[in-house]
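The values are calculated or read from the model by the stated rules, or taken from the named source; none is laboratory data. As the structure is a computational prediction, the values presented were derived from the model and not from experiment. Counting neighbours? That spans all protein chains shown, and the Cβs are built from the backbone with ideal geometry, glycine included.
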Amino acid sequence: MKVISSTPLRLVCLAAIAVGLRAADSDTDYRWRILPKFGGGDRINLTLSRHTDRGLTISTNSVPLSSLHGLERGDLWGGAVSFHIRRDAGTLLCKGSFVMGVGSGPVRFEPDPHFVAELKAIAISVSEDQLPELAFEDVRLSTVRDLRAGCACVRTIDDVLQLNHHGVDGRYLRQVSQFSSSQLDVEDVTEMKDHGVQVSLLEALKAGGYQLPARSAAELQDHGVDSSFIREMAPQFRGDRTAHNLIALRDHGVSPEFVRSLREAGAMPSTDEIIQMHDHGIDSATVRAAKDAGIESSPGAVIQLHDHGVEPAYVRSMEAALHAKVTVNGLIELHDHGVSPEFAQKISDSGFALRDERQLIQLHEHGVPADLAAEVARSHRAALTADQLVQLHDHGVDAAFLRSFDAAGYSSASVNELIELHDHGVTADYARHLQTEGFGVLPVNKLIQMKDHGV
């Protein structure tokens with residue numbers, strides 16, 4: 001296990017480890033500490049700490065005892081010790097003492113000139129103050145070379161340290177650089193590593209034509225958008241290639257198969273429309289049936305009809321009954337008011353001139369029978385409106401009443417006059433009786449007056 005704590009520019013992770021007094025002749029205090037490791041075989045817990053006025057850096061690792069040259073197992077149980085640890089950046093010279101398996105003491109660092117020369121050869125400069133940190137963290141020269149070659153974003157030793165702190169090795173760095181669609185910086189790489197972004201995810205994004213910033217990969221990973229989802233979705237989805245779209249589809253449980261089935265059914269919806277159709281339970285069969293029924297192709301229209309329970313069969317039957325295309329809103333209104341295709345067919349066959357769906361709804365709600373509409377359509381009253389047809393029906397004027405008065409010579413009677421006749425109990429037989437008595441075809445008001453007076 002490795003624990004690192006450093007200045008605010010790096011990860012800060014303070015451990016509860018005692019640090020000795022600072023050396024009087026230095027602004028930096030280097031210390032070592034060893035704790036017993038039970039059941040660890042030849043391994044021990046080694047802590048190296050670096051204390052400056054800027055903060056405390058601590059590195060704790062389980063290391064083999066053999067890597068501490070000059071320290072024997074018997075030394076761990078008491079007494080003064082002196083040993084050294086070889087690292088690529090230099091040698092850590094350790095002195096101190098042990099009491100019952102616990103040891104501590106100061107560390108003196110001797111830099112390796114060869115290490116500094118090799119870093120300069122690959123255009124990485126290092127300060128004298130940074131060398132002990134590289135040694136404490138056991139940063140190898142091969143690691144620096146590997147990271148430097150892996151990405152142009154590695155320019156300084158601080159970049160190397162930051163990548164090392166986050167567990168980024170050269171292989172991961174090379175791969176994310178290869179498959180990233182944007183220029184990387186060290187923060188991008190560490191963020192992807194911290195979020196568990198796999199190289200396969202970046203590879204799938206690039207193959208799918210997604211030109212996304214590196215930070216989007218971390219966002220995709222957090223939402224469970226994996227490489228297989230991207231590979232399968234990319235050929236099916238025709239929307240904008242953004243992380244937002246992928247995340248939205250994934251969060252709503254939209255599968256690549258669902259999108260493919262919509263496309264095969266003839267729909268080309270946007271991301272939001274795909275999600276709405278999925279959330280509303282609309283499948284490809286519904287889309288295909290709606291298209292076959294002549295419903296306007298927008299997914300929004302299909303969703304509206306579906307939510308109102310308007311089936312494709314209803315659409316087909318209603319349009320066949322009315323011999324015309326009906327708008328989505330019109331179909332919804334007809335369905336919501338319980339107007340059946342059968343009722344629409346009867347009114348349509350009656351010859352009555354419907355101006356819009358609202359008139360059909362009005363006739364249905366007032367229970368106007370088709371034979372009354374047909375009688376009106378056959379007579380000179382063909383210009384009557386749905387409102388007037390409703391008036392006649394509401395006052396009990398039916399088709400037989402109209403026919404009888406037309407036959408009695410009152411074909412020119414207005415709607416109001418017909419209602420007055422019916423309301424006053426005047427029948428066509430009464431009108432014809434007066435005619436046979438020599439009164440002729442009386443005006444409607446006279447006919448009503450005669451009836452009211454018992455003539």
Could you please let me know if residue 363 is farther than 30 Å from residue 267 by Cβ and crowded, with 17+ Cβ neighbours inside 10 Å? yes
Selection count where residues are surrounded by 14 or more Cβ atoms within 10 Å (Cβ to Cβ) and either under 44 Å from the mean Cα position of the chain (by Cα) or modelled with pLDDT of 95 or more (or both), scope region 348-357: 1
How many residues are exposed (fewer than 11 other Cβ atoms within 10 Å of the Cβ) and either assigned to a strand (DSSP E or B) or of a type in the set (A, V, I, L, M, F, W, C) (or both) if we restrict to region 99-128? 4
Cβ-Cβ distance below 7 Å, separation of 6 or more or different chains: which pairs start in region 91-107 with a residue that is under 14 Å from residue 29 (Cβ atoms) and end on one that is modelled with pLDDT under 95 and assigned to a loop (DSSP other than H, G, I, E, B)? 104/20; 106/20; 106/23
For region 279-289, give me each residue that is under 27 Å from residue 318 (Cα atoms) and either in contact with a Lys or Arg (Cβ under 8 Å, 6 or more places away or on another chain) or assigned to a helix (DSSP H, G or I) (or both). 284, 285, 286, 287, 288, 289
I'd like to check something: does region 61-69 contain any residue that is under 19 Å from residue 106 (Cβ atoms) and crowded, with 19+ Cβ neighbours inside 10 Å? yes
Any residue in region 169-191 that is more than 19 Å from residue 207 (Cβ to Cβ) and without any contact (Cβ under 8 Å) to a residue 60 or more places away in the chain sitting within a Cβ distance under 9 Å of a residue that is assigned to a helix (DSSP H, G or I) and of a type in the set (Ser, Thr, Tyr)? List the pairs, counting only those 6 or more apart or interchain. 169/143; 170/142; 170/143; 189/172; 189/177
Please report, ordered by residue number, the helices (runs of 4 or more DSSP H) entirely within region 375-441 with at least 3 residues that are over 60 Å from the mean Cα position of the chain (by Cα), buried (at least 16 other Cβ atoms within 10 Å of the Cβ) and of a type in the set (A, V, I, L, M, F, W, C). 399-407, 415-423, 428-436
Residue 207: passes all of (1) buried (at least 17 other Cβ atoms within 10 Å of the Cβ); (2) hydrophobic (A, V, I, L, M, F, W, C); (3) closer than 30 Å to residue 168 by Cα but (1)
I'd like to verify a number: residues in region 278-289 that are charged (D, E, K, R) and either modelled with pLDDT of 90 or more or loosely packed, with under 13 Cβ neighbours inside 10 Å (or both), how many? 1
